[in-house]
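The values are calculated or read from the model by the stated rules, or taken from the named source; none is laboratory data. On a predicted model such as this, the values are computed, not experimentally measured, just so you know. Virtual Cβ from ideal backbone geometry, glycine too; neighbours counted across all protein chains shown.
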Amino acid sequence: MSLRVLTALEARVLAVLVEKQFTVPDSYPLSLNALTMGCNQKTSRDPVMNAGENEVLRALDELRGMSLVNRVSGSRVERYEHNFRRGINVPGQAEALLTLLMLRGPQTAAELRSNTERLHRFADISSVEAFLAELAERQPPLAVKLARAPGARESRWAHLLCGEVLDAAPAAAAGDPASRDDEILQLRAEQARQAAEIEGLKAQLAQIKAELGLA
């Protein structure tokens, strides 16, 4: 199925529906109120959002138009369920990985293995990487491996359901050896510049003394 690029809120709504199916099955499908609260959670979310119910409802309408969400009838309160796995034709393992990437932003394979524990239990990191690689090789790709940040041991992965990722790799930490080496080189260069300036001032002072006949 060909999908358009999702907005950040549409991706969040879809991911929350998948997450809550596994973490609070007794409350699933979700009401609009419960779904809005899930989108605006302060924990396990990156970025943190502050969406209103009307905004979430518009996102739901768009997702229903793409057959990624269904409205459930037969209840006094309208409820919503996702059709994510079937809608984009991925296995459950890939669904879990994409869900966590939509909820928490770029993560390493090790972080994803830990964070997807309640959605799917991966045997090891290599199995996580295998499913991520499959997502990256699809046409169009659904995930991408980002360039490794300075000082980082592992590369992070990101989803592509909201379009291309502008990777803002975190700057090297203050405790990073590479960062400390750069600082030391900068300090040494500054010390050399100051030493040369002092020597120049000494020479000028000596010349002035000589011209004035001072000892």
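In summary, Ser31 fulfils each of the numbered conditions (1) surrounded by fewer than 20 Cβ atoms within 10 Å (Cβ to Cβ); (2) in the same structural domain as Arg138 (by TED's automatic domain parsing) with the single exception of condition (2). Only a single item in (1) outside any strand (DSSP E or B); (2) closer than 28 Å to Arg113 by Cβ; (3) touching a strand residue (DSSP E or B) at 6+ places or on another chain (Cβ under 9 Å) is not met by Glu81, and it is number (1).
Quick grid of which residues meet (1) in contact (Cβ under 8 Å) with a residue 12 or more places away in the chain; (2) out of contact with any strand residue (DSSP E or B) (no Cβ under 7 Å at 6 or more places or on another chain):
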| site | (1), (2) |
| --- | --- |
| Ala110 | yes, yes |
| Ala123 | no, yes |
| Ser126 | no, yes |
| Leu132 | yes, no |
| Pro140 | yes, yes |
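Among the criteria (1) farther than 13 Å from Glu10 by Cα; (2) of a type in the set (Asp, Glu); (3) assigned to a helix (DSSP H, G or I), the one Glu62 does not fulfil is (1). Across the range 118-145, the number of residues qualifying as within 20 Å of the chain's Cα centre (by Cα), crowded, with 18+ Cβ neighbours inside 10 Å and part of a loop (DSSP other than H, G, I, E, B) comes to 3.
Scan Leu103, Leu98 and give me the residue that is modelled with pLDDT of 95 or more, within 17 Å of Gly163 (Cβ to Cβ), assigned by TED's automatic domain parsing to the domain that holds Leu146 and part of a helix (DSSP H, G or I). The unique qualifying residue is Leu98. Residue by residue through the range 6-46, note down the ones that are closer than 17 Å to Leu112 by Cα and either of a type in the set (Gly, Ala, Ser) or not in a helix (DSSP H, G or I) (or both). Correct list: Ala15, Thr43, Ser44, Arg45, Asp46.
Taken over the range 106-116, the residue count meeting the criterion of being touching a Leu at 6+ places or on another chain (Cβ under 9 Å), buried (at least 19 other Cβ atoms within 10 Å of the Cβ) and in a helix (DSSP H, G or I) is 2.
Evaluating Asn54 against the criteria (1) in a helix (DSSP H, G or I); (2) exposed (fewer than 12 other Cβ atoms within 10 Å of the Cβ); (3) in contact (Cβ under 8 Å) with a residue 40 or more places away in the chain leaves one unmet condition, (3).
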